[in-house]
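Presented below is the structure to which this report refers.
The values are calculated or read from the model by the stated rules, or taken from the named source; none is laboratory data. As the structure is a computational prediction, the values presented were derived from the model and not from experiment. Positions of Cβ are backbone-derived with ideal geometry, glycine not excepted, and every protein chain shown enters the neighbour counts.
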Amino acid sequence: MVRYKQVSDIVKIMRNVEQVRNIGTLAHVDHGKTTTSDSLLMGAGILSPKVAGQALALDYVEIEQLRQMTVKAANVSLYHEWQGKPYVINLVDTPGHVDFTGHVTRSLRMMDGGIVVVDAVEGIMTQTETVVRQALQEYVRPLLYINKVDRLIKELRLEPREIQQRFVEIVKEFNGLIELYADKEFRDKWKVDFAKGQVAFGSALHKWGLTVPLAMEKGVKFDYIIDAYIHDNKEQLAQEFPLYVALLDMVVEHVPNPREAQRYRVPKLWRGDLNSEIGKAMLECNPDGPTVVAVSKITIDPHAGHVATGRVFSGTVTEGQEVYLVNAKDGARVLQVGLYMGPYREKTEQISAGNIVAMLGLEKARAGETVVDAKYKDVIVPFEHLTYVAEPVVTIA
Ligand code: GDP
């Protein structure tokens, strides 16, 4: 089912922030972050179903394009329908591993929620802890996806009861991290609950996934899934319970929309006056307010040159707009505005508050730059410096 949408459709939805979510995937190395992201891209109708999770069976998408999507793209805007309503889900690229340069944190600033991918066999590992801690430090809500469930069935040959027990243990440990690292305000609110659909489970490799509410709605029990593996019928699972549906439904329902998120995130990430015109516009994620963009990533496009990607915290970035780069202390003009759909950057006229924008023409912008409408250059306060959480360091006295 190809559900490729026109840029104009996506931009229209983007103007209504209640229908926007900004997310990324986070994981311990090898737990399946890349495979899971590919499944999401497939769900948006960008890749053919054969491609995701199976780089050898590429048909119309070349390996290089696939790599560009998951490795090089700073962001991909996905289309998803939930309860009959259209949503745009901006999938922010996060580095494939925990790094020590602040890249993860930079990506986190763009997101309001994260899908934390955990290998069902290995469980929560050190880098899982690190990414959850980093997310919470940036006030990004972590949701849980238990991946590689096929391994519990095929390799460990667990019974349904044992599989559920394994899930309960992982959820308990995950909630332990939230208890430990979340701000007081979110410690209880952000714990994940199976029954509420805040935990998904499945196999990114075989492209199926479920949440408890989805399983109940479809009347499916674990025996059915185990049976599908015994009879080598896993393609059926991917058709009946596509992973992207489970994950994107979970995201739409449980990741705050950009307006809800900015109300608590802006006071934590920005030290300016919240009662000023800019402060109020950012708290409200107001598309008609002064334009403020936090730049997360710079890429060099072989054709277009310097591309600055960032989150619009307020206002609307428009082609031809005169802006000011706060860190570079220099004015510039936005030559082109775009969004990412699959491997391509698509040109549009404007991108509004709460979304991710790609801008051409800002040669002096670096990651971490604050871009503001030129009229506000004398009053803008830049975003807080990005700090990052490293693995525990042993110091010798
Ligand atoms: P990343 O390092 O977190 O990005 O992990 P990858 O997506 O590259 O996956 C690491 C390895 O696990 C690859 O060999 C994948 O094919 C494999 N893998 C990913 N998801 C699954 C899954 O659901 N089941 C199984 N059995 N293997 C998986």
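The residue that is modelled with the lowest pLDDT, counting only those in the range 251-279 that are of a type in the set (A, V, I, L, M, F, W, C) and assigned to a helix (DSSP H, G or I), is LEU269. Candidates are the residues of the range 171-200 that are outside any loop (DSSP other than H, G, I, E, B) and closer than 21 Å to MET216 by Cα; the one that is farthest from the chain's Cα centre (by Cα) is VAL171. For the residues ILE163, ILE170, ILE115, ILE153, the requirement of being farther than 30 Å from THR370 by Cα and within 12 Å of the ligand (Cβ to nearest atom) singles out ILE153.
Here is a check on your reading of the model: is ARG141 away from the ligand (no atom under 14 Å from the Cβ), surrounded by 21 or more Cβ atoms within 10 Å (Cβ to Cβ) and either more than 23 Å from the chain's Cα centre (by Cα) or in contact (Cβ under 8 Å) with a residue 60 or more places away in the chain (or both)? Here the answer is yes, as ARG141 does meet what is asked. Checked against the criteria, GLY289 counts as among the small types (Gly, Ala, Ser), closer than 28 Å to ARG109 by Cβ, touching a residue at least 24 places away in the same chain (Cβ under 8 Å) and surrounded by fewer than 23 Cβ atoms within 10 Å (Cβ to Cβ). Within the range 157-188, track down each residue that is in contact (Cβ under 8 Å) with a residue 12 or more places away in the chain, over 19 Å from HIS28 (Cβ atoms) and in contact with a helix residue (DSSP H, G or I) (Cβ under 8 Å, 6 or more places away or on another chain). Answer for the range 157-188, where residues must be in contact (Cβ under 8 Å) with a residue 12 or more places away in the chain, over 19 Å from HIS28 (Cβ atoms) and in contact with a helix residue (DSSP H, G or I) (Cβ under 8 Å, 6 or more places away or on another chain): PRO160, ILE163, GLN164, ALA182, ASP183, GLU185, PHE186. Pairing residues of the range 194-205 that are touching a residue at least 12 places away in the same chain (Cβ under 8 Å) with residues that are within 12 Å of the ligand (Cβ to nearest atom) and in a loop (DSSP other than H, G, I, E, B), at Cβ distances under 7 Å and at least 6 apart in sequence or on separate chains, gives SER203/LYS148; ALA204/GLY32; ALA204/GLY53; LEU205/GLY53.
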